[in-house]
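Q: Sharing a structure below in structure tokens format, with a few things to ask.
The values are calculated or read from the model by the stated rules, or taken from the named source; none is laboratory data. Just so it is clear, the model here is predicted, and its values are computed rather than measured. Heads up, the Cβs are rebuilt from the backbone with ideal geometry, glycines too, and the neighbour counts pull from every protein chain shown. Just so you know, the surface numbers come from the protein's heavy atoms only, side chains and all, with ligands and any DNA or RNA stripped out. Shrake-Rupley method; radii C 1.70, N 1.55, O 1.52, S 1.80 Å.
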Protein chains: 2
Amino acid sequence: MSSVDRVIRGNEAWSRSFDRGDLRAPPRLRAAVVTCMDCRLDPLRALGLDLGDAHVIRNAGAVVTDDVLRSLVISHWELGTVEALVVGHTACGMTAFTNETLRRKLGSSGLDATLDFLPFRDVEENVRAGVGRILASPLLPAPYAAHGFVYDVATGGLTPLA
Amino acid sequence: MSSVDRVIRGNEAWSRSFDRGDLRAPPRLRAAVVTCMDCRLDPLRALGLDLGDAHVIRNAGAVVTDDVLRSLVISHWELGTVEALVVGHTACGMTAFTNETLRRKLGSSGLDATLDFLPFRDVEENVRAGVGRILASPLLPAPYAAHGFVYDVATGGLTPLA
């Protein structure tokens, strides 16, 4: 079955039993989670969150890019969130390559990339840098808060960063 | 309870019963989902996906930005995905403001923003533009595929775009 057929069929089961309840656009917890696209992560379940509780922003690496800041600013100013939880994870694929190795791989397929793919060596350091970037954003002024965590994909455990 | 305490407590329950099974970094379905940060969306449940099936990339609006393309290129070249499913949704907050109204709101708090927040008027059109941007990316050459959908936050239903 193709992925398209798979998600259409998967959605039929979901929509049959769907109860919108009191779902509203502004997140109940007034929080936004920033995490990685990794397929071993289910941020809602892993953090004990319900539908409606939080915004969830995900990209390769949970890197706080300009696009993440754009999303957080909209989340804060249009939908009332007041803090960001940045969640990196162990064994992140972003530590398994460098710009050089990925560019070489693309090059050997005849593709020319000068893009910075934002890989990193240290997951904790990347989370701390992301928290710092959020706290330094002039468009998310205090008391807007940000907290860092590392999720362990082998144990399911979450460690807050001091 | 603060959001930090809430997710730490939520994770204790999750990690106690966590079974990593055969979870691996390369997604089983070889697909990446691109969707919105909206709190009314639980992309795994709504699409009938399991942990390990797909990458999930989320930002404000499911807009295919340069950062989404960065993530998809890593997803494809480093982790073997071969298609993207772009999922917009009804009642998206991105249709409820414009750059002008948001900049005015920031301005009245003394903040100066010239940023393009990438709002849009038509959800379908935004999804189609995103699919087009992916298909046109030189770093995601054919047969890399992309498909568009709109999720209805009131009914839980998913509509594929022709």
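Q: Take segment A:116-125 and flag every residue that is surrounded by 15 or more Cβ atoms within 10 Å (Cβ to Cβ) and within 11 Å of another protein chain (Cβ to nearest Cβ).
A: Those that are surrounded by 15 or more Cβ atoms within 10 Å (Cβ to Cβ) and within 11 Å of another protein chain (Cβ to nearest Cβ): A:Phe117, A:Leu118, A:Pro119.
Q: Inside segment A:71-81, can you point out the residues that are at negative phi and open to solvent by 10 Å² or more (accessible area, probe 1.4 Å)?
A: Looking only at segment A:71-81, we keep the residues that are at negative phi, and these are A:71-79, A:81.
Scanning segment A:71-81 gives A:His76, A:Trp77, A:Glu78, A:Leu79.
Q: Taking segment B:1-31 only, how many residues are more than 7 Å from chain A (Cβ to nearest Cβ), aliphatic (A, V, I, L, M) and either crowded, with 22+ Cβ neighbours inside 10 Å or part of a helix (DSSP H, G or I) (or both)?
A: Counting residues in segment B:1-31 that are more than 7 Å from chain A (Cβ to nearest Cβ), aliphatic (A, V, I, L, M) and either crowded, with 22+ Cβ neighbours inside 10 Å or part of a helix (DSSP H, G or I) (or both) gives 0.
Q: Out of everything in segment B:50-62 that is among the hydrophobic types (A, V, I, L, M, F, W, C) and open to solvent by less than 10 Å² (accessible area, probe 1.4 Å), what residue ends up being farthest from B:Tyr144 (Cα to Cα)?
A: Looking at residues that are among the hydrophobic types (A, V, I, L, M, F, W, C) and open to solvent by less than 10 Å² (accessible area, probe 1.4 Å), I get B:Ala60.
Q: So, in segment B:81-104, how many residues would count as being closer than 21 Å to A:Glu78 by Cα, more than 9 Å from chain A (Cβ to nearest Cβ) and touching a residue at least 60 places away in the same chain (Cβ under 8 Å)?
A: 3
Q: Another question, if that's okay. Would you please list the contacts, defined by Cβ atoms under 9 Å and residues six or more apart or on different chains, that run from a residue in segment A:41-56 that is more than 7 Å from every other protein chain (Cβ to nearest Cβ) to a residue that is open to solvent by 20 Å² or more (accessible area, probe 1.4 Å) and not acidic (Asp, Glu)?
A: A:Leu41/B:Leu51; A:Asp50/A:Arg28
Q: Quick one: in segment B:145-162, of everything that is open to solvent by less than 70 Å² (accessible area, probe 1.4 Å) and of a type in the set (A, V, I, L, M, F, W, C), which residue is farthest from B:Gly80 (Cα to Cα)?
A: B:Ala154
Q: Condition test on B:Gly110, is it out of contact with any strand residue (DSSP E or B) (no Cβ under 9 Å at 6 or more places or on another chain) and either modelled with pLDDT under 95 or within 13 Å of chain A (Cβ to nearest Cβ) (or both)?
A: Yes, satisfied.
Q: Right, another one. Within segment A:132-144, track down each residue that is open to solvent by 20 Å² or more (accessible area, probe 1.4 Å) and either more than 9 Å from chain B (Cβ to nearest Cβ) or over 21 Å from A:Arg70 (Cα atoms) (or both).
A: A:Gly132, A:Arg133, A:Leu135, A:Ala136, A:Ala142, A:Pro143
Q: Somewhere in segment B:103-120, is a residue of a type in the set (A, V, I, L, M) and within 30 Å of A:Arg16 (Cβ to Cβ)?
A: No, because not a single residue in segment B:103-120 is of a type in the set (A, V, I, L, M) and within 30 Å of A:Arg16 (Cβ to Cβ).
Q: Please go through segment A:60-80 and pick out each residue that is touching a strand residue (DSSP E or B) at 6+ places or on another chain (Cβ under 8 Å) and either without any contact (Cβ under 8 Å) to a residue 40 or more places away in the chain or at the interface with another protein chain (Cβ under 9 Å from one of its Cβ atoms) (or both).
A: Passing the criteria: A:Ala60, A:Gly61, A:Thr65, A:Asp67, A:Val68, A:Arg70, A:Ser71, A:Leu72, A:Ser75, A:Leu79.
Q: Separate question: Scanning segment B:146-158 for residues that are of a type in the set (A, V, I, L, M, F, W, C) and within 9 Å of chain A (Cβ to nearest Cβ), which turns out nearest to the chain's Cα centre (by Cα)?
A: Of all residues in segment B:146-158, those of a type in the set (A, V, I, L, M, F, W, C) come to B:146, B:149-150, B:153-154, B:158.
From what's left, within 9 Å of chain A (Cβ to nearest Cβ): B:149, B:153-154, B:158.
Details: B:Phe149: 12, B:Val153: 15, B:Ala154: 18, B:Leu158: 15 Å.
For segment B:146-158, the residue satisfying everything is B:Phe149.
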